[in-house]
């Protein structure tokens, strides 16, 4: 597929090529079809040129939880996204020692892609509810537009109230995006594997085969 970019018409008819890039972070333990549907929906709703999947290296919010080794999670993300012309994977958080912080990751991509790129950070609505407790939330939101993904039927009253608080405190708006109803979670997939229940159509086929081969989540 031919690579495209958004073109904005400036003064005197000058054109400015400005890429619109989605950054989708997560533990991805494992990545599943819900993650992929969310990224695809974001591309359509916000006219993104590409989505970069960034597996968390050392998630500080999961310090007391057992997390699958980073390289295995990274492999699954590669397997899940290979072949999609506008999905790519970055190991930046895995390759960076210490805890992974979104603000630092976004600073990396701002440097890599340049000031002309418009960044969109894609995450779930539940994660957004904690954003004011993340490291440097104002810095984070100054570098990108945050997209809060919600499932159809999600009760948005609490979220809406919180987003108004975010706007008051940071002077930045959080965008909202409805995604198709896919009742899939990484936690549930791990539980199903432990209980010998099927996951074949909850994750991409290549990820399913990798989990089987490596004996993950048993």
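Read the figures in this text as sums done on the coordinates, not as results from a lab. On a predicted model such as this, the values are computed, not experimentally measured, just so you know. With ideal geometry, Cβ positions are generated from the backbone for all residues, glycine too; neighbour counts draw on all protein chains shown.
Summary of values
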item: Sites residue 175 and residue 71 - FRET efficiency at Förster radius 35 Å, r taken between beta-carbons, to 0.05; result: 0.60
item: The chain - Rg over Rh from alpha carbon coordinates, Kirkwood radius; result: 0.97
item: Cα gyration tensor category, rounded, prolate or oblate, for region 39-115 with a/c compared to 1.5; result: oblate
item: At R0 = 35 Å, FRET efficiency that the Cβ-Cβ distance of residue 191 and residue 96 yields, to 0.05; result: 0.70
item: Between region 158-218 and region 84-103, the Cα center-to-center distance that results, in Å; result: 17 Å
item: The chain: angle of helix 102-113 to the longest principal axis, Cα-based, in degrees nearest 10; result: 60 degrees
item: Cα-based helix-to-principal-axis angle, 205-214 vs the chain, degrees rounded to 10; result: 50 degrees
item: Alpha-carbon gyration tensor eigenvalues x 5, square-rooted, for region 131-218, Å; result: 35, 16, 11
item: CD proxy at 222 nm, helix term only [per DSSP H run n ≥ 4: -39500 (n - 2.57); per residue of the chain; nearest 500]; result: -11500 deg cm²/dmol
item: Acute angle (nearest 10 degrees) that the helix 157-170 long axis makes with the longest principal axis of the chain, alpha-carbon atoms; result: 50 degrees
